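Colleague: One structure follows; several queries about it will come next.
The values are calculated or read from the model by the stated rules, or taken from the named source; none is laboratory data. Just so you know, these numbers come straight off a predicted model, no measurement behind them. Counting neighbours? That spans all protein chains shown, and the Cβs are built from the backbone with ideal geometry, glycine included. For accessibility, only protein heavy atoms count, side chains too; no ligands or nucleic acids. Shrake-Rupley method; radii C 1.70, N 1.55, O 1.52, S 1.80 Å.
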Amino acid sequence: MNTIKRNPIGFFDSGIGGTSIWQEVNKLLPNENTIYLADSKNAPYGQKSKEKILEYCIKNTEFLLNKNAKIIVVACNTATTNAINYLRENYDIPFIGIEPAIKKAGLVTKNKKIGVLATKGTINSKLFEKTSTKIDHSIKIIEQVGYGLVELIENGEIDSSKMEKLIYECLDPMLKENIDALVLGCTHYAYLVPQIKKIIGNHIQIVDSGLAVAKQTQRVLNGVNLLNSSTSEKTFNHFYINKKSKILVEILKNYNPVEVIEKEF
């Protein structure tokens, strides 16, 4: 067997949000080893300059390559929209990016009004602009920056009253526009779905990228003959975080085998 197939899939995000993508990949590809890097010390990327975001992405990529990653999932919308082209041009390894699922939302909307909840860094990126222009021009896109949401998630305040208030303030302008599809344009926001549903009800469809990213990862690994289908060896899932690991440990408590390593990088 090709031993490189047993090398891990690498993931990185500005923090713990990308674990929502990791969960989808782990579910679809349970035989794969994984390495996840949570750059929580520098979260959120969405408020940083493009130059700073690129600097972090290069550092994260180098870290994962040193851990023998065979493919890297950029499990962060802001990092993808600002750095994926540079990474693909400068590293000889496949990269899977995360883009807001605007195209999918364009297919499910009935009244042609889509809401996009994302970070400032994602909404202001060229890739987001390019993606937005690829759908039916008669569809109206209402963009909303999720100010403060990532910070609260990273601090473990997902179910707090402060979070509930902030989510309502973010969704209200889109609800007033009568959207019927809501794109979650940040991997962190997947952890807010229960609170979001309390506000928007069942008549607005929530759209994210998790499953699509997992399937694309599978396709790419198949394409380069690096998919690990062996069940003869135990898998490992290592999570590195450069801030207090309590929240990450809590999110991963139902997954096994998982090892969380708190260290500077």
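Colleague: Could you work out which residue, out of P100, P173, P44, moves most in a Gaussian network model of the chain, that is, has the largest mean-square fluctuation with Cα springs under 10 Å?
Modeller: Judging by the Gaussian network model, the answer is P173.
Colleague: Along the charge dipole of segment 102-228, which of N202, G148, N228 sits closest to the positive end, that is, farthest toward it, with unit charges on the beta carbon of Lys, Arg, Asp and Glu (+1, +1, -1, -1)?
Modeller: N228
Colleague: Continuing with this model, one more query. Roll a 1.4 Å probe over the protein chains and send me the accessible area per residue for the chain in Å².
Modeller: I get 48 Å² per residue for the chain.
Colleague: Moving on to the next point. Between K165 and L54, how many nm apart are label points set 7 Å from Cα along the C-beta direction?
Modeller: With each label point 7 Å from Cα toward Cβ, the separation is 3.9 nm.
Colleague: Taking the Cα centre of segment 125-238 as origin and charging only Cβ (+1 Lys, Arg; -1 Asp, Glu), how large is the dipole, in debye to the nearest 20?
Modeller: Approximately 400 debye in magnitude.
Colleague: Another question, if that's okay. How high is the FRET efficiency between D136 and E250 when r is their beta carbon distance and R₀ equals 41 Å, given to the nearest 0.05?
Modeller: E(calc), rounded to 0.05, equals 0.50.
Colleague: Rounded to a whole number, what % of the accessible area of the chain do carbon and sulfur atoms account for, probe 1.4 Å?
Modeller: Within the chain, the accessible surface is 48 percent carbon and sulfur.
Colleague: Only Cα pairs within less than 10 Å get springs; with that Gaussian network setup on the chain, which residue of K120, K244, K134 has the largest fluctuation?
Modeller: Result: K134 has the largest fluctuation of those listed.
Colleague: Now a separate question. Based on alpha-carbon centroids, what's the gap between segment 130-200 and segment 66-127 in Å, whole number please?
Modeller: Comparing the Cα centres of segment 130-200 and segment 66-127, I get a distance of 16 Å.
Colleague: Sticking with this one: Can you tell me the order of 34-43, 195-204 when each peptide is scored by its average per-residue count of other Cβ atoms within 10 angstrom, highest first?
Modeller: Listed from highest to lowest mean packing, they are 34-43, 195-204.
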